[in-house]
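Colleague: Dropping a structure here in structure tokens format, bear with me for questions.
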Amino acid sequence: MAPRYRRQLSASSSSRPVLAATVGAALLLSLAACSGDAEGSDDSAPSGSAAAEGSAISAERCAENEAAGTITYITGYQYQSSAGILEALAADSLGYFDALCLDVEIQPGTGDTAANAQLVAAGTAQITSLGNDAEALKAVAGGIDVTGIATWGHVPIATLMTGTDIADLTQLEGTTLGHKGSLPAPLRAMLVEEGVDLDAIEQVEVGYDPTVLPRGQVQSLTGYKSNEPLLLAAMGEEVTEWNPEDYGISGSFGTIVANPAFADEHPTAVEDYLRATSKAFEYCETNGAECVGFAADVAESGYDEEHNLKIWETESALVTESTPEGSPLGFHDDALTTSEGEALLASGELDELPTVSDVFDPAFLTAIYDGTELVWPAP
């Protein structure tokens, strides 16, 4: 099966235009599907190839995965090289989905992850990536039925940038703060923790041009650790980053959710989707430029590979650093998510917190690991 990519599903279009990438159809490598015969594997093939990995899955499991039909995965935002997106593109390009008899169709999201969650709940898609665990909690609290199956990063991806003249966050009182639509809950919690009077800060929506900060149009600016600070640094602009985790504030990023009914009916397919993407994540940790090239191949002209490689390197490092020793990549922790949810309550984004254990099911991820070692291929 050759990798397939489709144009964006119709949905709400509140986008996150970080990149110039848009949808483009492109064939990648045409790789062999699984055979179900362990004796057919070629151990001499390169470690990233389907030939080396793709023939050890059992015929029974292969049939179960094929019975799941096409698994539509919607990215969080276009083909950006973020955790939660790049590993899926890489798994397709490297033949890992085919190796596990999975028919995965990747569709680019607009950045409106709430709409993505709705499409998954409706069964229009089966899997999507959300910005963080908080978005999964908000979706379920709003009556959108999704199940969290993995979380890559266990640290807030949000950061607050200021000029280097700011030495204490209380200095922001009486100034203007720019955001992308609202002040992210971890940043709000950080400011409150530091005794900042939020009513004394003028908050304005400024879009996605980070130069509003060095130009003095705002005195503080929200952003993503893997994007705006890197763009400003490339311009030679110096800023100070204020990160919520430095003040004891919990957060996450790269949350993967699935349609609950689909997951219940086809558990091996969900397990093996995570198995393929987890293997691809590990591959891309040491082959980042190659994996970013996979994303560039399916995007139209204008894809900034240099910046996207920085995005991937930043986010994959945060994933590794925030994964405790003894836990597999993508693990879920109810206590951490509950702490993240409490920030939503404090900010008024939620009136009541859903039961976290009802929103996230770690069983699909734990099924593919032996301790912290990924089991490849499927048993």
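Colleague: Given a 1.4 Å probe and heavy atoms of the protein chains only, how would you sort Val206, Val212, largest accessible area at the top?
Modeller: Order by accessible area, largest first: Val206, Val212.
Colleague: Follow-up question, since we're still on this one. DSSP loop (so not H, G, I, E, B), at most 10 other Cβ within 10 Å: list which GluC sites (Glu not before Pro) in the range 215-258 pass both filters.
Modeller: Glu238
Colleague: Nearest 20 debye, what's the magnitude of the dipole of the range 71-189 about its Cα centre given +1 on Lys and Arg Cβ and -1 on Asp and Glu Cβ?
Modeller: Dipole about the Cα centre, nearest 20: 240 debye.
Colleague: Taking trypsin sites (Lys or Arg not before Pro) as candidate sites, keep only those in a DSSP loop with at most 12 other Cβ atoms within 10 Å, then name the longest stretch of the chain containing none of them.
Modeller: 8-214
Colleague: In addition: Suppose every K and R has +1 on its Cβ and every D and E has -1 on its Cβ; what is the size of the dipole of the range 238-351 about the Cα centre, in Debye to the nearest 20?
Modeller: 280
Colleague: Give the lysines reachable from Lys225 as a straight Cα distance under 24 Å; neighbours fewer than 8 places away on the same chain don't count.
Modeller: Once the sequence-local lysines are set aside, what remains near Lys225 is Lys138, Lys180, Lys310.
Colleague: Can you find, among Thr277, Val356, Phe331, the residue farthest towards the positive end of the dipole of the range 244-374? Put +1 on the C-beta of Lys and Arg, -1 on that of Asp and Glu.
Modeller: Final value for the positive-end residue is Thr277.
Colleague: Against the longest alpha carbon principal axis of the chain, how many degrees, from 0 to 90 and to the nearest 10, is the axis of helix 288-298 turned?
Modeller: 80
Colleague: Report Leu374's accessible area, 1.4 Å probe, all protein chains in place, as a number in Å² to the nearest 10.
Modeller: Roll a 1.4 Å probe over it and Leu374 shows about 30 Å².
Colleague: Over the range 94-188, what percent of the accessible surface lies on carbon and sulfur atoms, probe 1.4 Å?
Modeller: Summing carbon and sulfur atoms, their accessible area is 44 percent of the total for the range 94-188.
Colleague: Moving on to the next point. Which value, in debye to the nearest 20, gives the size of the charge dipole of the chain about its Cα centre, when Lys and Arg are +1 and Asp and Glu are -1 at the Cβ?
Modeller: It works out to roughly 1000 debye.
Colleague: So how do Leu172, Leu353 rank on accessible area, 1.4 Å probe, biggest first, that is with the largest at the start?
Modeller: Leu353, Leu172
The values are calculated or read from the model by the stated rules, or taken from the named source; none is laboratory data. All values reported here derive from a predicted model rather than from experimental measurement. Don't worry about glycine lacking a Cβ; one is built from the backbone with ideal geometry, like all the others, and counts go over all protein chains shown. When the accessible area is computed, the model is the full protein with side chains, heavy atoms only, and any ligands, DNA or RNA have been set aside. Shrake-Rupley method; radii C 1.70, N 1.55, O 1.52, S 1.80 Å.
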